[in-house]
Amino acid sequence: MPEANDWNSKIIAEFRGNDGRVGGQFDGAPLVLVHHKGQRSGRDYVSPVMYLPGESERIYVFASKAGAPTNPDWYHNLTAAGNATVEVGTDTYAVTVTELTGEERDRIYAEQARRYPGFGEYEEKTKGVRLIPVLALDRVR
């Protein structure tokens, strides 16, 4: 997947060069860089992901993979590890990872789809194939 890695590298460089802001398709959207370790490979990865701010120091991320039939690798890595490091703006910190289920998951996903209609389209694409996971990332103090 050199093209995806190259695309990620460009987004990451723009994020870091502009205090956590990027343009293009992410212009004005909240973006987080999620650091995770490959579950099988042990390699370190950084994935740019849109997020929804929560209460206190919680953020939510969505394993939408643009409506693909499978979950993104970062989802599997985060849920296996239970923790990660994130970059939000110019701040870098450790987080714990919790997968949301049921009504809580549905409520948070619906809010993201309300704010960013593309997420509603992703949900339509995956209907009957998979439920897009929602992860809560809580800052470790």
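Here, each number is a calculation from the coordinates, and none is a lab measurement. These numbers were taken from a predicted model, which means no experiment stands behind them. Cβ atoms come from the backbone with ideal geometry, glycine included; neighbour counts cover every protein chain shown.
Worth pointing out:
- As a rough guide to protection, the peptides 97-103, 30-36 ranked by mean Cβ packing within 10 Å, highest first, stand as 30-36, 97-103.
- Restriction of the trypsin sites (Lys or Arg not before Pro) in the stretch 1-97 to DSSP coil positions whose beta-carbon has at most 15 other beta-carbons within 10 angstrom yields ARG21, ARG40, ARG43.
- Mean projected area (nm²) of the alpha-carbon convex hull when the stretch 25-112 is viewed from all directions: 6.4
- Geometric descriptor of the stretch 1-71, per residue, is 126 Å³ (volume of the convex hull of the Cα atoms).
- Paramagnetic reach from THR96 in the stretch 38-65 [backbone N under 19 Å; point 7 Å along Cα→Cβ]: 54-61
- Largest-first principal axis extents, alpha carbons of the stretch 69-137, Å: 34, 25, 21
- Pairwise label distance in nanometres, LYS127 with ALA13, each label 7 Å out on the Cα-Cβ vector: 4.1
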